[in-house]
Amino acid sequence: VAISPVSGDRSALSANAPDDLGLSTGDGPEFGAPSGILYQHSQARFLVTDSGERALFSVERDTGDRTLLITNEDSSDGAFLGFPTKLLLSSNGGTTWILDPAARKVFEVNMASNTFSTLTSDNESYSADGYTWTSPRDFARVPGTGLFVTDYAGCALYAVSTSSGSTARTLDFSAGEGPAWSNPTAIEVDEDEEVLLLSCADGDAIYSVSLRDGSRALVSGAGVGAGPSLLEPQAVSALDSGT
């Protein structure tokens, strides 16, 4: 759905044709349960994960036409998509990473061949100190470092190498200095400030975590900031440096 930030008007960019939505919009295979989305500027298209079809779609911005990029049949190593949700794109557009919380895996998609494989999973490799994630919820890319994955129940952040798939329990609620956080839901990188921003369901707050030393700070919630109270925030986004 396209939404005007000026008027708030909504229009269907790409849609199936169930009775309550009227006519379909765009051509191509139908969605099952779209779950994650990002925009690929270089190709003027959206990439959409679909947890119902267990697939990755592309959607043309101008027409809404849908193309099925990968399904479980396109695995190059016998991997199996469970319920893919979040996705990230490499800087050159050649690789897409997909987070599958149900399968507790991160998949790597080769965009040239439209094939995918497992990058890492909870039962494939433990971190150096013997930990593995139990309930991955979101992930973010830090250029030059790799991927950071939030572990909701484990109250930790894992770093994942995009080259080897190795994992490390890099940060948790006790690393560094500052107020403790727990049950992280979403993660966002503020590169200019060199911090990770975390929305945390337990504590109803937004925290920042320094990429330099792991120190923690409460950004909003629990007496910091005015306005409506946060209640189990599920997402966070950095608009610009410090915002």
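The values are calculated or read from the model by the stated rules, or taken from the named source; none is laboratory data. Keep in mind that this is a model prediction, so the values were computed, not measured. As a convention, Cβ positions derive from the backbone with ideal geometry for all residues, glycine included, and neighbour counts pool all protein chains shown. Calculation scope for accessible area: heavy atoms of the full protein, side chains included, ligands and nucleic acids excluded. Shrake-Rupley method; radii C 1.70, N 1.55, O 1.52, S 1.80 Å.
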How much accessible area per residue does the chain have, counting only protein heavy atoms and a probe of 1.4 Å, in square angstrom? 50 Å²
Residue order for ARG141, ARG169 - accessible surface, 1.4 angstrom probe, largest first: ARG141, ARG169
Hz values of 3J(HN,Hα) by residue in the range 72-83 - Karplus curve (6.51, -1.76, 1.60), Gly and Pro given as x: 4, 6, 9, 6, 9, 9, x, 5, 9, 6, x, 9
Relative contact order in percent for the chain (Cα pairs under 8 Å, 6+ apart) equals 9 percent
If I compute solvent accessible area with a 1.4 Å probe over the protein chains, what percent of it on the chain is carbon and sulfur? 48 percent
Long-range amide H contacts for SER220: which residues qualify at under 5 Å (H placed 1.01 Å from N, peptide plane, sequence gap of 5 or more or a different chain)? ILE206
Return the long-range amide H neighbours of SER51 (sequence gap of 5 or more, or a different chain), with a cut-off of under 5 Å between placed amide H atoms. ALA33, SER35
Label-point separation in nm, PHE80 to GLU191, each point 7 Å along Cα→Cβ: 3.8 nm
